[in-house]
Amino acid sequence: MTAFETVIGFEIHTELLTRSKVWCGCSTQFGQPPNTQVCPICLGLPGSLPVLNRRALELALRACVALNCRIAPVIQFERKNYYYPDLPKNYQISQLRKNLGEAGWLEFQVGDETRRVRINNVHLEEDAGKNIHPETPGADYSLVDLNRAGTPLLEIVTEPDLRSAAEAAAFMNAMKSLLEYLEVSDCNMHEGRLRFELNISQRRAGEERLGTKVEVKNLNSMKTVLRCIDAEEDRQRDLLESGESVIQETRLWDEPSGRTRAMRSKEVAHDYRYFPDPDLVEIHVDEAWVGRVRAELPELPDARRRRFVEQYGLTDYSAGVLTARKPVAEYFESALRSHANPVGIGNWVINEVLRWLGEDPDRELADYPVAAHDLAVLVRMIDEATISGKIAKEVYKAMMAGEGAPEAIVKAHGLVQITDTSEIEPIVARVVAENPDTVAKIRAGKDKAIMALVGQVMKETRGKANPQTVNELIRSRIDEMV
Amino acid sequence: MTDAPAYATLKELQRSLEAGECSSRELTQALLDRIEALDGKLGAFLRVTPDEALQQADAADAARRQGRRSPLLGIPLGLKDILCTRGVATTCASRILRDFIPPYDATAVARLRQAGAVFLGKLNMDEFAMGSSCEFSAWQPTRNPWDPTRIPGGSSGGSAAAVAAGFCPATLGTDTGGSIRQPAALCGVVGLKPTYGRVSRYGLIAFASSLDQIGPFARTVEDCALLLNAIAAQDPLDSTSAPVATSDYTECLGREIRGLRVGLPREYFIDGMEPAVEAAVRRAVADLAAQGAEIVEISLPHTEYAVAVYYICATAEASSNLARYDGAHYGYRAAGTRNIIEMYSRSRTEGFGEEVKRRIMLGTYVLSAGFYDAYYSKALKVRTLITRDFAEAFRQVDVIATPTTPGVAFRIGEKLDDPLQMYLSDIFTISANLAGIPGLSLPCGFTAEGLPIGLQLLAPAFEEARLLQVAHAYEQSHDWWRRRPELA
């Protein structure tokens, strides 16, 4: 058995957040009835011509700047020629020889280590429409929806710098986070607006030369990408170990079987015959323009982390965790507007919100059941001693179960903390009286023994007493008995 | 005005309308009648649209009564079938677009419509503008009004023949490698290919996007200038339309050409030219000299590569531009196909003609992996050299004069089996498209058999005014433009 090393790179496609399409004025809104957001241009009718959406180019430039790319002084669009019914012109306007950005990198954390993935290039292209195959058995037709055709698409191509599924996961999160922070894309993977395509190969440990790579398409979630890495690793290693070789090809992920399969020959385009699109002029991107884009960059994770430390007094670690994903940072700041306890709310976000997100790499914060305001109210109720921390956990569970706002839950379950000691004192007196052995231990200096009594009192108050208060009451009761 | 309104110039018609001597409706009806009577033998029109035309004429008359004035108000025109017309079938003379009715006007068409022009119908052409004789139309050949056994030239043969036959004072055509100038020469009319980017290509069904340009045909230089005034403009719908200001192109007409330097490129006077053509062009140049122009012999050294470069660049672009005609979304779809590959394949096999398929294959080949550098990439480099030849030449001269074609109109069928011979009929016109400069052809004589001969003038980019000035100076010293064919 030889040790193999897995080598991974990505092609990332993301739809840019423009209101209109990249070559025409049609809306990019998602989920409209089929073929209602189309015009002669995105339908590819005879004689129609593309005109570049400047906003799309600026968003793409923003990504290039943030990915530390060299920006081409002159950019050019090229035609990628292939036949498919969701591509009305039967060519995709893309870039090849004069890409928008080249030779960049993205840094990200894997555990305590900072890793860097090199970016080969970043370019702008158009999305295709969608073919819809009717589910009716025996249907001898397919339908085409061209609403998405011509939506601006950013493609980011990395170098093969990743070595494991864990690294790939960290990279995907970092890339998604950056794109979210840049506000170039909403990064919705369920609806296909952020897609990761994988290329993966094996080489024997210590070898410099890259092995034969396989490209995999049809990966529509991060979890799928990670499953696919495992599956391909196994498949490729099995091939190599049995003396066969990996064929350079494009494979499709097959969800039901959890494996990749080779594309049928007709699904493979052999020669795209790229050439410069004569309908679009070359665009000159000067330093001043790049400077403006740089100046207008939204607050990025690093800057936000430093701000969180200064403004909210968080530790560098907490600030880093809270700013790793833009929606999380925004959730946190939104909660702060309802209750200004950054450390308390920060802990809840880190312990509960991030744990929930971490359970499934494809979870979106938008689907989190607890609103930022409600989480803030929960923390406030603890801070104001309305409920204990222990009760708060129960209230939180109820909130996650969709039982509503924390005040309502506390009220409905009668969970308000007993702060009036006169209610607790009789119970303390009884518990102390009923446990002379324990009291003796405490008196003998075994301090920890008091916890057993605190526990009993808490049990009898159904958790509504403040444990600290109970502790003090028990001590003074024992002292009084002397 | 003689033979009114058939051979009246646009300018004359404008005056009659202005003076109230006739209405646009009368004019339009008279020309529709003439087309009805005579076009059966010529085949210039693919589609005559009398209802739309008369409606537009009535609207123009009404506007005029309300005081509107515009140089083209109520003037009947014809449009090459490559230009999209809202609600009127636009087939590009191809089976594959047989039933295609665009929901939009080409920008040039919209501008004419806005100016109040009347559209008589759509004119024949070689399929997708690929051809030099109009014989590659999927629907019908067009015959040369001067000799119906001969071709009118192409690809805008219908546009040239309609003007020569007195069906309308002016038409629009398109020129990718000579498709305006060559038929203008062979039909004895004036044809202008503007600078690339001068007229919007939006709605012009693309053959070769980096070469295509819309331009006018008319019987006089002034009429061409009037049409250019209406269609020239930068267009937000066409990224390649130029941000260069336009001017009134009639202003330069009548200015003398004394002192203007006219270049004669030695590469354009070649063995194998018809002697009558060379003689007529040399006489025309002598006439320009007699008006005070200075004649300078020049060289455009890369001329011999123009045809090869053109057939690489143009076919490469065409192979991609024509990919959208696949039977999936609109246009012709072959019946009874069993899967998508078969649908694509049979729709295109049945929908395109032989010449179009020949060029798609050639273009696909030159862009293919492993051949791109040897053909397409190299062609682009030589194209730059050809452009530089002109830049160099225009340091020495103001305009260049050449024959438009090496010969006069050939007989129908004569070159059909020899694509190379056919391609060579554009040998003098192709370079202007590759360099993007404007070119104009106007009549400069007739052969003994009575076939027209064209003089080509070329100018630097966006110097259409200079081109029109020289052409007008020559035109006014002759009456070639007054000659008209005898139509049976």
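The values are calculated or read from the model by the stated rules, or taken from the named source; none is laboratory data. Everything numeric in this text was worked out from a predicted model, so none of it was measured. Cβ: placed from backbone, ideal geometry, glycine included. Neighbour counts: every protein chain shown. Protein only, heavy atoms only, side chains kept; ligands, DNA and RNA dropped before computing areas. Shrake-Rupley method; radii C 1.70, N 1.55, O 1.52, S 1.80 Å.
Observations on the model:
- Interface size, chains B and A: roughly 2800 Å² of accessible area buried, both sides included, 1.4 Å probe, rounded to the nearest 100.
- Cβ-based net charge around B:A306, under 10 Å, with every Lys or Arg adding one and every Asp or Glu removing one: -3
- In terms of overall dimensions, the C-alpha atoms belonging to the range A:4-292 reach 58, 56, 32 Å along their principal axes, ordered largest to smallest.
- Against the main long axis of the alpha-carbon atoms of chain A, helix A:326-336 sits at an angle near 30°.
- Semi-axis lengths (Å, descending) of the ellipsoid that matches the C-alpha gyration tensor of the range B:108-238: 22, 16, 12
- When only alpha carbons are used to place a centre, the range A:363-395 and the range A:89-133 end up 40 Å from one another.
- For B:L440, net neighbour charge (Lys/Arg +1, Asp/Glu -1) across residues whose Cβ lies under 12 Å away: -1
- Over the residues of chain B, the helix contribution to mean residue ellipticity at 222 nm works out to -11500 deg cm²/dmol, using -39500 (n - 2.57) for each DSSP H run of at least 4.
- With Cα atoms, 0 to 90° folded angle of helix A:421-434 axis to chain A main axis: 70
- Electrostatic tally near A:K326: other residues with Cβ closer than 11 Å to its Cβ, Lys and Arg +1, Asp and Glu -1, net -3.
- Across chain A, C-alpha contacts under 8 Å between residues 6 or more apart give a mean separation that, scaled by the residue count, equals a relative contact order of 14 percent.
- Sites A:E480 and A:V416 - FRET efficiency at Förster radius 22 Å, r taken between beta-carbons, to 0.05: 0.20
- Within the same chain, lysines fewer than 8 places from A:K80 are excluded, and of the rest, those with a Cα less than 29 Å from its Cα are A:K21, A:K89, A:K98, A:K130, A:K176, A:K213, A:K217, A:K266, B:K357, B:K378, B:K381.
- Peptide packing for A:219-225, B:255-261 was compared via the average number of neighbouring C-beta atoms within 10 Å per residue; ordered from the highest value, the list is A:219-225, B:255-261.
- Computed from the C-beta positions of A:A166 and A:R204, the FRET efficiency with R₀ = 25 Å rounds to 0.75.
- Cα gyration tensor shape for the protein assembly as shown, rounded if a/c is under 1.5, else prolate or oblate: prolate
- Relative to the longest principal axis of the Cα atoms of chain A, helix A:222-241 runs at roughly 60 degrees.
- Using a cutoff of 8 angstrom between alpha carbon atoms and counting only pairs six or more residues apart, the relative contact order for chain B works out to 18 percent.
- Taking the alpha carbon gyration tensor of the range A:421-481, multiplying each eigenvalue by 5 and rooting it gives semi-axes of 18, 11, 10 Å, largest first.
- Beta bridges by DSSP in the range B:10-259, antiparallel share as percent, to the nearest 5: 65
- Loop-located GluC sites (Glu not before Pro) across the range A:214-264 with a Cβ neighbour count of 15 or fewer within 10 Å are A:E244, with loop assigned by DSSP.
- Here chain B carries DSSP beta bridges of which approximately 65% are antiparallel, counting only pairs with both residues inside.
- Cysteines in chain A that, by Cβ-Cβ distance, have no pairing candidate under 4.7 Å: A:C24, A:C26, A:C39, A:C42, A:C187, A:C228
- More than 38 Å apart - percent of Cα-Cα pairs taken over chain A: 43
- Each part reduced to its alpha carbon centroid, the range B:140-157 and the range B:391-406 end up 28 Å apart.
- Computed with a 1.4 Å probe on the full set of protein chains, the accessible area for B:W481 sits at about 50 Å².
- Relative contact order (percent, whole number), the range A:4-292, Cα cutoff 8 Å, 6+ residue spacing: 25
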